[in-house]
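> Below: one structure in structure tokens.
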Amino acid sequence: MQKYVSEELDIAVIGAGHAGLEAAFAAARMGAKTALFTLTLDLVGNMPCNPSIGGTGKGHLVFEIDALGGEMGKAANHVMLQSRMLNASKGPAVRSLRMQSDRVRYRDYMKQAVEATPNLMLKQCEVTEIVTEDNTVKGVVTSFGAFYPAKCVIIATGTSLGGRIIVGEEAYESGPDNTLPANRLVKSLQDIGVKLVRFKTGTPPRIHADSIDYSKLERQDGDDPAVMFGFYPSKPNLMPCYVAYTNQKTHQIIRDNLSRSPLYSGVIHGTGPRYCPSIEDKVVRFADKERHQIFVEPMGLDTKEVYLQGLSSSLPEEVQLQLVHSIEGLENAVFMRTAYAIEYDCCDPLQLTNSLEFRHINGLYGAGQFNGSSGYEEAAAQGLIAGINAALKVQGKDPFVLLRSESYIGTLIDDLVTKGTNEPYRMMTSRSEYRLLLRQDNAQTRLLPKGYELGLISEERYNEFLKTESALEEIIYNLEHESIKASKALDDLYEERGFARTGAGIVKAEFLRRPNIFISDIIALSGDEREYDDILLSRAETEIKYSGYIKRQLAEVERFAKLEEKQLPPDIDYTQIKGLRLEAGQKLQKLRPENIGRASRISGVSPSDISVLLIYLSQRK
Amino acid sequence: MSTIAAIGTPQGKGGVALIRISGEDAFSIAEKLFIPASASRFAQKLHGVTYYGSFCDESGVFDDGMCVLFHSPRSFTGECVAELYCHGGLLVTQKLLAAALKNGASMALPGEFTRRAFINGKITLTQAEAIGGIIDSKTEKHLSIASKQANGSLSRALGEIYDDLKLLAASVYAYIDYPDEDMTDVSVPEMRSRLVAVKDKLNRLAGTHTYGKAISEGIPTAIVGKPNTGKSSLLNRLCGEERAIVTDIAGTTRDIVTETVRLGDLLLRLSDTAGIRESEDTVEKIGIEKSKQAINTAELILAVFDASRGVDDDDNALINAILQSNKADSTLCIINKTDISAEIPVLPFKNTVFISAKSGDGIEDLVTAVAQMFGAGNINESDEIVVNARQCAAIVNAAGAVESAVNALNGFTQDVAGMDIELALSALAEADGRTVSEDIVNEIFSHFCVGK
């Protein structure tokens, strides 16, 4: 209930998790007067689940966030415990960085960064109401009765919105890590016509490091040298991870107690993520697997808490204890936090546009788990875009939309707002049809100039970027124009890699395009003594080696752009188009995609429906 | 979409003719031209029931016949369809069609019924094309394949391969997206062997197209040989006496350029048959130059030699012409006149048959030899046969993409292998009409005749 009118804002951000933080940073840095509201100042940038940033597909997002001037990559670098490049051998498109992070120091870093940002206020309070008038946002009201007039509001409530924690038979209203749930806001959202759905996610137990018999676990060290997000200078790894395995006994304990799992007894109604299943899900769905991997991850330098990745569960605590104790090396594990499932309210993202603004409420934006995604990185990516767009709106400028063909961020948002999701959405490299174009190593090339234009990248960093780009161009130019002379060493190498001896020299780039030939071979053979940056060399290698595939994807991008150009007039009555299947007609009627390209990505719209639309369009002319 | 009508049976005299009307107004149009014998029964408009009555236009009743109504979506096109059966005279059929058009139907374009069936999801593109094949088929074999495929057999075969590939793509991505989960790993050698299996399947399917084309479109064929070797008798044996001429494309005069004849299950498109017929009388007309032209354009060369005369310079010139054109493998060497002489010349062709065009001895061998040359031996009764060039091209593309996925696994990385598999998937989807552009749809249906 409003009791007094407080400061007038440009932008109000609700929630200081990973989405809210990026939104607030971007908005404030673009000059908007911004307030960041959080339920508790002590958990700004909290990691209520795994103590790591990045992972497959997610690492790409962090590189992109960094290239657009976001904070996540810098924070992760700052508090890095260990860095590993996943999929290093599986190809340049799918290499993804994952960093173990010091959870407590991450929060400190983020809070200090917020405090140091001009135009940005950090406030501890519960937002209970979003005020609108004529379908336009007017501001927010807090539980203490303050009304903050605002031009734009960004909702980034994560799992706090209508949150409910469940452990076995025990359930109670709560946000993550036993914080206050944001319950009053649920009703306000419903009152202004936001359609909410209920999702579920979960987190594994945390145990005391001294209770682990590390001698029975496999040690997993970080890469040496460690790659950093944004390719900042490398830092040493500080702590190792370990790998443990479940066994038949673990699985038997789970099977014996399935009836006590709220997932199976019907206590949980929310839809959980398929991609991050609980251990009971894994045991039931992959019944023939003899064991599942458990990653034992440190939570920070100043704590003994250890995270058991892969053991997410909502079984009763006593069963959790039994099953953890059945694992070799964890026989005497002492629990510090019990695993729990959490249900929460989020919006149906089909209500949003690609700028993350609600279609029917002017100035209201959604970001992060509130939009149906899962994961810190997905949240941060959306927060950044929502923050940028809210700031642009305040400036009276056009929205900033990233395309699928230029970014994972664009792919993530387009998937959410076009296809919707019926489970928490996780980014994966397989979600991008332009994988080879959207690599971590060229994230800056793709996006940094855009970040600069938005005012989120400093002059200094931009100039540094231009220098790097021209150095890369020079390397590629040289490879295309220099040759390796004929030599016995060259012929020997040919033979060793399964080719015939040629007795002739070869242009370096042409040589590199052969399978199983690497840039290190070229440098060794040509006795090149120039100083190279390893990262640039590997980028040049990718650009040349995969040029055929890259060209093919570029052609795809063009074809795709043509479909996006085929506009679907807003007055089409899809229910009247003969030949459209009923489901497709209804979906199209509801979502009204702007063009054929978007129509083709709506689930339930088949290629033959698209044929019908194309034919319909040509007859309409 | 408008309501369309067309005559569904061949134009001309016949016992019964069919007018088909499809679209929203099909039933109301039928009501205006059909006076049922029992108005109360017809008023029920039951699905698939035959009603007897008479046909009329504004000048009155002109014929009697039957009307069958099919309710949407349980019809061929998926729309409401009325089928009217009248007597098969040219005038009466035209009158009935005119009445339908006058009452609001528009004239169907060629293939429009089938096209509507396709876009209403009643049939897949391969089924639609197979329907075209049934209409066009000139050989028994083509007809039986086309009718099998109209029921979806090729679609199913392609669908299975498609699902295989989809599963593989999913494994590749699971492997990439869950590097930590040992439960999703598919080993690279396993992926490779499964891809090779898919590639073999696709190549096998594409390989049937040689045969498929031979039974549907026919093989461009040249009969060559020096004068008086019996080309003319062979030709008569192939088409004249068996009366198997299917089309006379250029007319009935001496300008005949091509005749299509049936040879077992296959069709041969014989070029320059006029020349051959004349050549028996006017020896000098068929020079070696002319033979060379025929050899170059043909995919099957029936080279006729005279067993009774031995090999002379003219024969050698012909043999050289064939060898120089690189057509030895496409050549069937026919040693004729075995009824006169048993002397067997040794010639540099791997396909050889001995016949007597006059008595008919050995013609069976010739039929078998040609069928073997065009892949019949590699095809089992149960195999799908790709008759359609568009489908074949898409299948070849898919096979190429799978091959390049295999290569990517060998020398490159899984991420590009995944891209190649996706490319193969989209090529296959195109073969079966799962994804089609407007152009392809229009192209396909433009080949149909009106009424289908």
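> Between the chain alone and the structure with every protein chain in place, find the residues of the range A:73-107 that drop at least 40 Å² of accessible area; heavy atoms, 1.4 Å probe.
A:90
> Does any residue of the range B:398-415 lose at least 30 Å² of accessible area with all protein chains in place compared with its chain alone, and if so which ones (probe 1.4 Å)?
Hits at the 30 Å² cut-off: B:411, B:412, B:413, B:415.
> With the Cα gyration tensor of the range A:286-379 giving a ≥ b ≥ c as the square roots of its eigenvalues, does the rule (a/c under 1.5 for rounded; else a/b larger than b/c for prolate; else oblate) give rounded, prolate or oblate?
prolate
> Please report the buried accessible area for the interface of A with B, total over both chains, probe 1.4 Å, in Å² to the nearest 100.
About 3600 Å² of accessible surface is lost on pairing.
> Under 21 Å between alpha carbons, and skipping anything fewer than 8 positions from residue A:3 in its own chain: which lysines qualify?
Here the lysines satisfying the reach criterion relative to residue A:3 are A:123, A:138, A:151, A:187.
> With the Cα gyration tensor of the range A:338-490 giving a ≥ b ≥ c as the square roots of its eigenvalues, does the rule (a/c under 1.5 for rounded; else a/b larger than b/c for prolate; else oblate) give rounded, prolate or oblate?
prolate
> Pairs A:90/B:122; A:235/A:488; A:508/B:199; A:393/A:590; A:566/B:199: which are spaced more than 31 Å apart, C-alpha to C-alpha?
Details: A:90/B:122 42 Å; A:235/A:488 41 Å; A:508/B:199 33 Å; A:393/A:590 26 Å; A:566/B:199 35 Å.
Cα-Cα > 31 Å for A:90/B:122; A:235/A:488; A:508/B:199; A:566/B:199; rest within.
> Still on this model: For the range A:280-362, which trypsin sites (Lys or Arg not before Pro) are in a loop by DSSP, counting at most 11 other Cβ atoms within 10 Å?
Within the range A:280-362, no trypsin sites (Lys or Arg not before Pro) qualify (loop, at most 11 other Cβ atoms within 10 Å).
> How large is the convex hull of the C-alpha atoms of the range B:50-180 per residue, in Å³?
162
> Follow-up question, since we're still on this one. How big is the protein assembly as shown along each principal axis, measuring the range of its Cα positions in Å and listing the largest first?
If we take the Cα atoms of the protein assembly as shown, the spans are 109, 93, 60 Å.
> Can you give the accessible area of residue B:101, probe radius 1.4 Å, in Å² rounded to 10?
Using a 1.4 Å probe on the heavy atoms, I get roughly 60 Å².
> Which of the residues in the range A:283-316 show a loss of at least 10 Å² in accessible area from their chain by itself to the complete set of protein chains, at a probe of 1.4 Å?
Listed by number, the residues meeting the 10 Å² cut-off are A:286, A:289, A:291, A:292, A:293, A:295, A:309.
> Give me the distance in nm between label points sitting 7 Å out from Cα along the Cα-to-Cβ direction at residue B:372 and residue B:50, one decimal.
5.0
> Hey, another quick one. Stokes-Einstein D for the range B:4-108 at 4 °C, 1.567 mPa s, Kirkwood Rh over Cα pairs, in µm²/s?
Diffusion coefficient, whole number: 97 µm²/s.
> Determine the per residue accessible area of chain A with all protein chains present and a 1.4 angstrom probe, expressed in square angstrom.
39
> Here is a follow-up. Would you mind calculating the gained length between residue A:571 and residue A:491 on full extension (0.36 nm times residue separation, minus the Cα-Cα distance), in nm to one decimal? If you can, show how the numbers build up before the last one.
Values: separation 80, 0.36 × 80 = 28.80 nm, distance 6.73 nm.
Length gained, residue A:571 through residue A:491: 22.1 nm.
> Would you please give the residues with an amide H less than 5 Å from that of residue A:183, counting only those at least 5 places away or on a separate chain, with H modeled from the backbone geometry?
For residue A:183, whose amide H was placed from the backbone, the distant partners under 5 Å are A:162.
> Using amide H atoms built 1.01 Å from N in the peptide plane, name the residues 5+ places from residue A:245, or on other chains, whose amide H lies under 5 Å from its own.
Here the answer is A:294, A:328, since their amide H atoms fall under 5 Å of that of residue A:245.
> Can you give me the % of accessible surface on chain A that is carbon or sulfur? Probe 1.4 Å, all protein chains present, nothing else counted.
Summing carbon and sulfur atoms, their accessible area is 50 percent of the total for chain A.
> Right, here's the next one. Can you find, among B:14, B:85, B:106, the residue farthest towards the positive end of the dipole of the range B:4-108? Put +1 on the C-beta of Lys and Arg, -1 on that of Asp and Glu.
Of B:14, B:85, B:106, it is B:14.
> Which one of B:62, B:410, B:120 has its Cα pushed farthest toward the positive end of the charge dipole of the protein assembly as shown, where Lys and Arg give +1 and Asp and Glu give -1 at the Cβ?
B:62
> Check which residues have an amide H placed less than 5 Å from residue B:224's amide H, if you skip close sequence neighbours.
B:302, B:303, B:304
> Another question about this same structure. Output ³J(HN,Hα) for the range B:397-414: one whole-Hz value per residue in order, computed from phi by the Karplus curve 6.51 cos²θ - 1.76 cosθ + 1.60 with θ = phi - 60°, and x for Gly and Pro.
4, 4, 4, x, 5, 5, 4, 6, 5, 4, 4, 4, 5, 6, x, 10, 9, 4
> Applying the Karplus parametrisation 6.51 cos²θ - 1.76 cosθ + 1.60 with θ = phi - 60° to the phi angles of the range A:500-506, what ³J(HN,Hα) value in whole Hz is obtained for each residue in order, glycine and proline being reported as x?
So the J values, rounded to whole Hz, are 7, 5, 10, x, 10, x, 7.
> Using a cut-off of 10 Å between beta-carbons, work out the net charge of the residues near residue B:266 (Lys and Arg +1, Asp and Glu -1, residue B:266 not included).
Around residue B:266, the charge tally is +2.
> Turning to a different aspect of this structure: What percent of all Cα-Cα pairs in the range A:464-580 falls in each 5 Å bin, counting up from 0?
2, 9, 16, 16, 13, 10, 7, 5, 4, 4, 5, 4, 3, 2, 0
> For the protein assembly as shown, with only Lys/Arg (+1) and Asp/Glu (-1) charged at the beta-carbon, what is the dipole magnitude about the Cα centre, in debye rounded to 20?
Magnitude of the dipole: close to 2120 debye.
> Checking understanding here: applying a Kyte-Doolittle mean of at least -1.0 and a length along the axis of at least 15 Å (C-alpha), which whole DSSP H helices in chain A pass?
Span-like helices here: A:18-29, A:376-394, A:443-454, A:459-481, A:534-545, A:547-565, A:607-620.
> Name the shape class, rounded, prolate or oblate, that the alpha-carbon gyration tensor gives for the range A:566-620, where a ≥ b ≥ c are the square roots of its eigenvalues, rounded holds for a/c under 1.5, and otherwise prolate holds if a/b is larger than b/c and oblate otherwise.
Cα axes put the range A:566-620 in the rounded bin.
The values are calculated or read from the model by the stated rules, or taken from the named source; none is laboratory data. All values reported here derive from a predicted model rather than from experimental measurement. Don't worry about glycine lacking a Cβ; one is built from the backbone with ideal geometry, like all the others, and counts go over all protein chains shown. These area figures cover heavy atoms from the full protein model, side chains too; ligands, DNA and RNA do not enter into them. Shrake-Rupley method; radii C 1.70, N 1.55, O 1.52, S 1.80 Å.
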